[in-house]
Amino acid sequence: MGRIRLGARLAALLVALVLALPLHGLWRLFGRKSPWPPRFLGLVARIVGARPRVVGTPLRHDVVFVSNHLSWIDILLLSGATGTAFVAKSELRDAPLVGWLCTLNHTIFVSRADRMAVTAQIAQIRDTLAADWPVTLFPEGTTGDGTTLLPFKAALLAALDPPPPGVKVQPVRIDYGAATDELAWVGDEPGQHHAARVLKRRGTFVATLHFAE
């Protein structure tokens, strides 16, 4: 049954992509900011089983969301809820399916090993904010198991020191409830393996996004 669920969800993802791509292309053809990547990613979140619940009111412009980080699913949920761009660990870029999904919404990939690239990454974050995109930072720098916060990476917060003029910082907490142990991407599990495991999972799960006010 797991393989059937995997196949069905991949087929649904393909259908969603076929529907979204022409609409995205139409918006881009006229030089307009396309709403379709975040809508598509929000739909992908539902395809993989997430049922989002938003608590609080996310800001829409001139905002950096600072969130805990449990899984690549976080990106789907936050994008669908807010249209945000992301700062994420560079390992996600090369993960099959997951990496491609990340690139759809202006993800800024941060290499924890390349300290020389930090200045360029900070500049990318500021440029994205200047282009009127919300940006989400995962200051832990990696995914955790959901039981506690990992130490924050100072380099990831450097773009907010000082914050760009007019930009607000809004904390976010993502909670997968009883499904956290199954969904958290921790340790050395390859991205492809984790994605397949999620796609084979039975049923749905509630994903609560708490936006501080």
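Assessment of segment 195-203 against the conditions (without any contact (Cβ under 8 Å) to a residue 60 or more places away in the chain and either outside any helix (DSSP H, G or I) or touching a Phe, Trp or Tyr at 6+ places or on another chain (Cβ under 6 Å) (or both)) yields no matching residue.
For segment 157-204, a residue qualifies if it is of a type in the set (Phe, Trp, Tyr) and touching a strand residue (DSSP E or B) at 6+ places or on another chain (Cβ under 6 Å), and exactly one does: TYR176. Taking each residue of segment 160-181 that is assigned to a strand (DSSP E or B) and looking for partners that are among the acidic types (Asp, Glu) and at pLDDT 85 or above with beta-carbon atoms closer than 6 Å, six or more apart or interchain, yields ILE174/ASP74.
All conditions in (1) surrounded by 14 or more Cβ atoms within 10 Å (Cβ to Cβ); (2) over 23 Å from THR82 (Cα atoms); (3) at pLDDT 85 or above hold for GLY191, with the sole exception of (3).
With respect to the stated conditions, VAL198 is of a type in the set (Val, Ile, Thr), under 18 Å from the mean Cα position of the chain (by Cα) and more than 30 Å from HIS61 (Cβ to Cβ). Of the residues making up segment 128-137, those that are outside any loop (DSSP other than H, G, I, E, B) and surrounded by 12 or more Cβ atoms within 10 Å (Cβ to Cβ) are THR128, LEU129, VAL135, THR136, LEU137. Kindly establish whether ALA88 is at pLDDT below 75, aliphatic (A, V, I, L, M) and in contact with a strand residue (DSSP E or B) (Cβ under 7 Å, 6 or more places away or on another chain). Yes; evaluated as a whole, the condition is true for this residue.
For segment 138-152, the set of residues classified as surrounded by fewer than 17 Cβ atoms within 10 Å (Cβ to Cβ), over 13 Å from the mean Cα position of the chain (by Cα) and of a type outside the set (A, V, I, L, M, F, W, C) consists of ASP145, THR147, THR148, PRO151, listed by residue number.
Restricting SER67, SER34 to residues that are surrounded by 14 or more Cβ atoms within 10 Å (Cβ to Cβ), within 13 Å of the chain's Cα centre (by Cα) and small (Gly, Ala, Ser) narrows the list to SER67.
The values are calculated or read from the model by the stated rules, or taken from the named source; none is laboratory data. Model, not experiment: these values are computed from the prediction. With ideal geometry, Cβ positions are generated from the backbone for all residues, glycine too; neighbour counts draw on all protein chains shown.
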